[in-house]
Amino acid sequence: MMDGFINVLKPPGMSSGTVVAIVKRVTGEKAGHAGTLDPEACGILPVMVGRATRLFDFMVEKQKTYLAEIAFGSATDTQDAQGTVLQRGESYPDAAAVQDILPRFTGDILQTPPMYSALKVGGESLYKMAIKGKKADIPARPIHVDSIDLLAQTPRHGMLLRVVCGRGTYIRTLCHDIGQALGCPSHMRFLLREQTGAFSLDTAVTVEELKAGCAQSVLLPMDAPLAHLPRFDVPPRLQKLCLNGVRLRANEWPGNALAGTNIRLYMEDRLIGISRVGEDGSLTPRAVLR
């Protein structure tokens, strides 16, 4: 049995679902991705394998890092290079103008998600509505962008940016909005996700390597993305109860974590589950990994 995470370097042109299907095939286990990536984008795609699929709700993706190319001169309906051009313009900004505008798009800002996205309105995905020619009233929502660095100018009126941001940020929308603010239509030409949560490029494996049979050797442990949760080493007298998913009263375990905190439970240095501290100090199982 294989339980853990495989940090896949997704190639452009492949859907996140296809990557998951490949992982299922080469491992023989159930699997699911921990945060989707657009088909034409490339980069880090963590895939949960086996019992690790029970840990999705406890992972933290507070920070992501992207390498993105913004192309000035045209805006598209998908806000990336795959869409239909809706607007053209030739008031190409120089590097100084781009640099000056970037602070407007950092910190806590509001962003309106694109129509071509997996978000749902009234139970229907926005991209399905867009394909049918439907319109939807999409409210702006708060996002956080830690930083945007202008790295270089690229051919055909492009700029290479590195964006560090929180979850829920659409980089293609960011590229579109930057162009609007500068008075020149723009879209995202290229996107590489360099890091998401605890996963980065230095532990990533390609799809080709997976197909060649390296899955076991690149499998990351189930607690790899859970370092933000406090750890509790279960004493022998409580191990059977924890393995059976029994709730522990406050006076039965020697912990002192704050109410509402999720805690990693270990037995002989092996992750056996996640429990939550209640208002009364009790420990209630959230995920049992027997």
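The values are calculated or read from the model by the stated rules, or taken from the named source; none is laboratory data. Remember, it's a predicted structure, so these values are computed and weren't measured experimentally. Backbone-built Cβ (ideal geometry, glycine too); neighbour counts: all protein chains shown.
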Quick one: which strands (runs of 3 or more DSSP E) lie wholly within region 9-118 and hold at least 1 residues that are assigned by TED's automatic domain parsing to the domain that holds residue 161, touching a Ser or Thr at 6+ places or on another chain (Cβ under 9 Å) and buried (at least 17 other Cβ atoms within 10 Å of the Cβ)? 64-72, 74-76, 107-111
Has region 245-255 got at least one residue that is out of contact with any helix residue (DSSP H, G or I) (no Cβ under 9 Å at 6 or more places or on another chain) and under 20 Å from residue 55 (Cα atoms)? yes
So which helices (runs of 4 or more DSSP H) stay within region 188-275 end to end and still have 3 or more residues that are at pLDDT 95 or above, assigned by TED's automatic domain parsing to the domain that holds residue 50 and out of contact with any strand residue (DSSP E or B) (no Cβ under 7 Å at 6 or more places or on another chain)? 207-211
Specify the residue that is surrounded by the fewest Cβ atoms within 10 Å (Cβ to Cβ); the eligible residues are those in region 233-249 that are in contact with a Ser or Thr (Cβ under 8 Å, 6 or more places away or on another chain) and of a type outside the set (Lys, Arg). 248
Run down 84, 78 and say which single residue is more than 30 Å from residue 264 (Cα to Cα) and in contact (Cβ under 8 Å) with a residue 40 or more places away in the chain. 78
Which residues, taken from region 73-90, are of a type in the set (S, T, N, Q) and in contact with a strand residue (DSSP E or B) (Cβ under 7 Å, 6 or more places away or on another chain)? 74, 76, 79, 84, 87
Hey, among the residues in region 135-162 that are farther than 23 Å from residue 71 by Cβ and charged (D, E, K, R), which one's surrounded by the most Cβ atoms within 10 Å (Cβ to Cβ)? 146
Residue ID - farthest from residue 40 (Cα to Cα), chosen from residues in region 148-179 that are hydrophobic (A, V, I, L, M, F, W, C) and assigned to a helix (DSSP H, G or I): 178
